[in-house]
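Okay, structure first, notes after.
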Amino acid sequence: MKQLLVIGAGTAGTMVVNRLRRLLDTDEWKIVIVDPVETHYYQPGFLFIPFGMYSKNDVVKPKRDFIPPGVEVIKAAADVIEPDQNRVKLVDGRILNYDFLVIATGTQTRPEETPGLQGPEWYQSIYDFYTIEGAIRSGEASAHLAGWQTGAQRGRESH
């Protein structure tokens, strides 16, 4: 039996296993997905949190909810990819062989690499929406600002 190994169970890795589970013959292919984190953060949805269109509950779900039956899930971190031997070593020492490998490890924001960005105004008047915390705080700031504008407008109308 051939083995498809997917490293990363975020949006891309999950889409790959869902699509290929439908396309590949289960008698010929075993699909394995590896990820150390059980929680799925739907990052494209973070943009909608500051505008009140989504809440944290809309974008944070268990990853297993999105992985189809018949796909083996291994909760572990990949350590070393050995393409010459068609295998991946996991941090816990396990070795996974593969016939086809998909690397879908996603991205991470690094605000500390932009000088001054994480200074005293970080999450005070400077926000991101690339993290769940940043999106929520940006939404709180937007709501506060909207409330202030509404109050100021009411004040002008009463004079």
For this session: Kindly state, to the nearest 0.05, the FRET efficiency for residue 125 paired with residue 15, given R0 = 25 Å and r defined as their beta-carbon distance.
Result: 0.10
For this session: Please give the solvent-accessible surface of residue 101 in Å², to the nearest 10, using a probe radius of 1.4 Å with every protein chain present.
Result: 40
Exercise. With contacts defined as alpha carbon pairs under 8 Å and 6 or more residues apart, what's the relative contact order of segment 53-103 in percent?
Worked result: 20
For this session: Would you grab the residues whose amide H sits under 5 Å from the one on residue 40? Only those 5+ places off in sequence or on another chain, please, with H modelled 1.01 Å from N.
Result: 61, 63
Exercise. Say the dipole of the chain comes from +1 at the beta carbon of Lys and Arg and -1 at that of Asp and Glu; which of 12, 52, 36 then lies farthest toward its positive end?
Worked result: 52
For this session: Give me the percent of the accessible area of the chain that comes from carbon and sulfur atoms, probe 1.4 Å, all protein chains in place.
Result: 53
For this session: Starting from the residue with the highest accessible area, list 128, 58 in decreasing order, probe 1.4 Å.
Result: 58, 128
Exercise. Residue by residue, what Karplus-based ³J(HN,Hα) values in Hz, rounded to whole numbers, does segment 91-108 have, using 6.51, -1.76 and 1.60 with θ = phi - 60° and x for Gly and Pro?
Worked result: 4, 7, x, 5, 10, 10, 8, 8, 9, 9, 10, 10, 9, 10, 7, x, 10, 10
Seminar exercise, completed: Restricting to Cα pairs under 8 Å and 6 or more apart, the percent relative contact order of the chain works out to 27
Exercise. By how many nm would the segment from residue 145 to residue 22 lengthen if fully extended, with 0.36 nm per residue of separation less the alpha-carbon distance?
Worked result: 39.5 nm
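Using only alpha carbon positions, build the gyration tensor of segment 1-95, then give the equivalent ellipsoid semi-axes as the square roots of 5 times its eigenvalues, largest first, whole angstrom.
On the way: eigenvalues 158, 55, 21 Å².
Taking √(5λ) for each eigenvalue gives 28, 17, 10 Å, largest first.
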Seminar exercise, completed: Asserting the computed 222 nm helical MRE of the chain (DSSP H runs at least 4 long, -39500 (n - 2.57) per run, divided by residue count, to nearest 500) equals -9000 deg cm²/dmol
Exercise. What is the set of long-range amide H partners of residue 55 at a cut-off below 5 Å, with H atoms built 1.01 Å from backbone N?
Worked result: none
Seminar exercise, completed: Percent of all Cα-Cα pairs per 10 Å bin for the chain, counting from 0 up to the last occupied bin, reads 10, 28, 25, 19, 11, 5, 2, 1
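The values are calculated or read from the model by the stated rules, or taken from the named source; none is laboratory data. From a predicted model like this one, the values you see are computed outputs, not experimental measurements. Neighbour counts run over all protein chains shown; Cβ positions are idealised from the backbone, glycine included. The accessibility values were calculated without ligands, DNA or RNA, using every heavy atom of the protein model including side chains. Shrake-Rupley method; radii C 1.70, N 1.55, O 1.52, S 1.80 Å.
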